[in-house]
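Below is one structure, written out as structure tokens; comments come after it.
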């Protein structure tokens, strides 16, 4: 732990844009050397994701397009945490909506911030086991296809650029690290 000498001080904030999903504003900050300025900050609603595993060490991944980057890639089921909802409940809900699967056993894997410095966007990842198909996916606008992908294939999919989303990278690399 540090001694606090490099801690930035804050004196208030002002809103530039605000809606239920994103807050964009400026925070009045002072650096340790005394310089003071308005720093841009983005606050996003927290998100939760699920790595659903089967008994063959495969994860259920979703092939989807991200229009902002105009790019396809493998992702995990997940979404924004509703007000008053626990992250694990979000992960379970999103899993079922996006895949039609339910996890029997769910454990916390990791909590992280994907882009510190200007963005506050906590992500909470869970690992689910004992997968059960309970119906069809009800979210039809987000997923092109889904596949059970062997965990042993993950490093190659990262190297090829087919897994490139920060949340998916953190989740799967943490899972692989915990298994080694």
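Odds and ends about this structure:
- Count of residues meeting criterion [loosely packed, with under 12 Cβ neighbours inside 10 Å and touching a strand residue (DSSP E or B) at 6+ places or on another chain (Cβ under 9 Å)] in region 41-67: 3
- If the condition is being over 14 Å from residue 52 (Cα atoms) and touching a residue at least 12 places away in the same chain (Cβ under 8 Å), then region 135-153 contributes 135, 136, 137, 138, 139, 142, 143, 144, 145, 152.
- Residue in region 37-49 that is part of a strand (DSSP E or B), in the same structural domain as residue 23 (by TED's automatic domain parsing), without any contact (Cβ under 8 Å) to a residue 40 or more places away in the chain and farther than 16 Å from residue 141 by Cα present: yes
- Selection of region 3-23 for residues being more than 19 Å from the chain's Cα centre (by Cα), loosely packed, with under 14 Cβ neighbours inside 10 Å and not in a loop (DSSP other than H, G, I, E, B) yields 9, 10, 11, 12, 14, 15, 16, 17, 18.
- Being buried (at least 17 other Cβ atoms within 10 Å of the Cβ) and assigned by TED's automatic domain parsing to the domain that holds residue 92 is a property that does not hold for residue 29.
- The residues of region 143-164 that are assigned to a loop (DSSP other than H, G, I, E, B) and at pLDDT below 95, listed by number, are 143, 144.
Yes or no, residue by residue, for (1) crowded, with 19+ Cβ neighbours inside 10 Å; (2) outside the structural domain of residue 38 (by TED's automatic domain parsing); (3) in a strand (DSSP E or B):
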{"residue": "72", "(1), (2), (3)": "no, yes, yes"}
{"residue": "91", "(1), (2), (3)": "yes, yes, no"}
{"residue": "103", "(1), (2), (3)": "yes, yes, yes"}
{"residue": "108", "(1), (2), (3)": "no, yes, yes"}
{"residue": "117", "(1), (2), (3)": "no, yes, no"}
{"residue": "125", "(1), (2), (3)": "yes, yes, yes"}
{"residue": "135", "(1), (2), (3)": "no, yes, no"}
{"residue": "141", "(1), (2), (3)": "no, yes, no"}
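- Answer from 75, 86 - the residue that is within 17 Å of the chain's Cα centre (by Cα) and touching a residue at least 40 places away in the same chain (Cβ under 8 Å): 75
The values are calculated or read from the model by the stated rules, or taken from the named source; none is laboratory data. The structure displayed is predicted, hence computed values, not measured ones. Ideal geometry is used to build each Cβ from the backbone, glycine not excepted, and the neighbour counts take in all protein chains shown.
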